[in-house]
């Protein structure tokens, strides 16, 4: 998910290449002795509870977020709440004017852990059921916590999962850094076999991040690995400092396009949990 610019993927690996790179992993790192849990939100508060403000900060505004998006992100419980053991990010089609005077025809939520939690390296995972429809853009991503000092994309960004509604059977994993962001970002797509919409069920989206490698997973499949060797010449690997977590659902924008007559509202992204781990000292590095 771009912080202040359009995401387009210049490098998309073929699915056949992805299949060749697949490897079996546990459904969650919690079942493996090689990982130590360092942070989580299980979203198990009573139905209707707001997001835990000791863990998440809502971002608000309707300025387009650098991508010509159409939603207004609010801090209201109508757009983000806990229900039946899930976080619900609910996208509504409604005319809404924020405190900044901006009026939009859609509302949604964008949550971050900046100032609450950030970590360098480890496994970041979320079990989620994404929404669907033209113009819908859900994302689970992490951003360098120094972005206020060095500015994006120098801070680095790792998109663990993105989907655009017009491509219901594809999700994307991408890295962005100085000299390889926007149209030059490095990413790959993944589809289920046989192909089916990701919005039909929950799936586990994860990265395993080490000093010299970032690996992307959907359920038990490794479908992409990024290292400094993938970067364009004269560019820098900036994944060497803490990153914080973001969850959001955008509406419209340069990449997904805008909703049309086929789009149905409301839409909901359900998040069963978000968990972060560190690798145990005895585990050694992951697969190469």
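The values are calculated or read from the model by the stated rules, or taken from the named source; none is laboratory data. What you are looking at is a predicted structure, and each value in this text was computed from that prediction instead of being measured. As a convention, Cβ positions derive from the backbone with ideal geometry for all residues, glycine included, and neighbour counts pool all protein chains shown.
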Response to the item:
For strands (runs of 3 or more DSSP E) lying entirely in the stretch 198-266, having 2 or more residues that are farther than 21 Å from residue 278 by Cβ and touching a strand residue (DSSP E or B) at 6+ places or on another chain (Cβ under 6 Å) picks out 221-227, 243-251
Worksheet item: For the stretch 146-162, does any single residue satisfy the condition of being touching a residue at least 40 places away in the same chain (Cβ under 8 Å), in contact with a helix residue (DSSP H, G or I) (Cβ under 8 Å, 6 or more places away or on another chain) and under 27 Å from residue 266 (Cβ atoms)?
Response: no
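Only one of these is part of a strand (DSSP E or B) and either modelled with pLDDT of 95 or more or buried (at least 16 other Cβ atoms within 10 Å of the Cβ) (or both): 76, 25, 90, 5. Name it. I'd like the intermediate steps shown before the answer.
Working: 76 fails: part of a strand (DSSP E or B); 25 fails: part of a strand (DSSP E or B); 5 fails: part of a strand (DSSP E or B).
Unique residue meeting the criteria: 90.
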Worksheet item: If only one of 110, 123, 127 is in contact with a strand residue (DSSP E or B) (Cβ under 6 Å, 6 or more places away or on another chain), under 24 Å from residue 173 (Cα atoms) and surrounded by fewer than 23 Cβ atoms within 10 Å (Cβ to Cβ), which one is it?
Response: 127
